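Taking it in order: structure first as structure tokens, then the write-up.
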Amino acid sequence: MKRLFLLLIALALLCAVSCGKGRSDLAGGYRIGTGEDALIGPSLTLNGDGTFSYSPSIISSYMGVGRYTLEGDAVTLLFGEEETGLFTVTEDGPEYEPARTAEQAVGVFTVTEEGLRFEAAGTTAWALDGLEDGTLFIKNR
């Protein structure tokens with residue numbers, strides 16, 4: 001009985017160490033810097049359902065959205081398929097012909113004790129252009 005109890009404790013400790021953070025632990029808003037820098041700079045929101053939104057700045061009209069995955073300490077943002085298209089003005093009014101881009105944009109972050117650290121390697125999202133490798137996003141309190 002004592003061995004079974006010790007085995008259960010060992011398994012619980014192993015899971016606590018290896019399971020790490022889940023989506024619910026990561027869910028929330030993140031910003032870079034503190035004070036005024038945090039108010040005007042990039043922001044990232046991770047939702048518990050696996051979706052996210054990203055804004056490069058408070059004055060930007062762009063809002064990146066999509067889904068994210070968590071594997072170990074790596075968070076990968078999969079930006080939604082960007083839509084492009086062509087508007088044509090006809091006698092009957094404007095017509096829109098949609099076209100999809102071939103490649104899905106990806107952003108990579110590492111979970112640290114301080115927050116989420118941006119990893120330029122592996123990132124293909126033009127929405128994240130301008131972020132320096134290692135930029136730390138701190139969770140809003």
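Every read-out reported here was derived from the displayed coordinates using simple, explicitly stated rules and does not represent laboratory data. The model shown is predicted, which means the values in this text are computed figures rather than measured ones. Methodologically, a virtual Cβ is constructed for each residue, glycine included, from the backbone with ideal geometry; neighbour enumeration extends over all protein chains shown.
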When only residues in the range 26-63 that are within 19 Å of residue 133 (Cβ to Cβ) and touching a Leu at 6+ places or on another chain (Cβ under 6 Å) count, which is surrounded by the fewest Cβ atoms within 10 Å (Cβ to Cβ)? 30
For the range 41-69, which positions are over 12 Å from the mean Cα position of the chain (by Cα) and assigned to a strand (DSSP E or B)? none
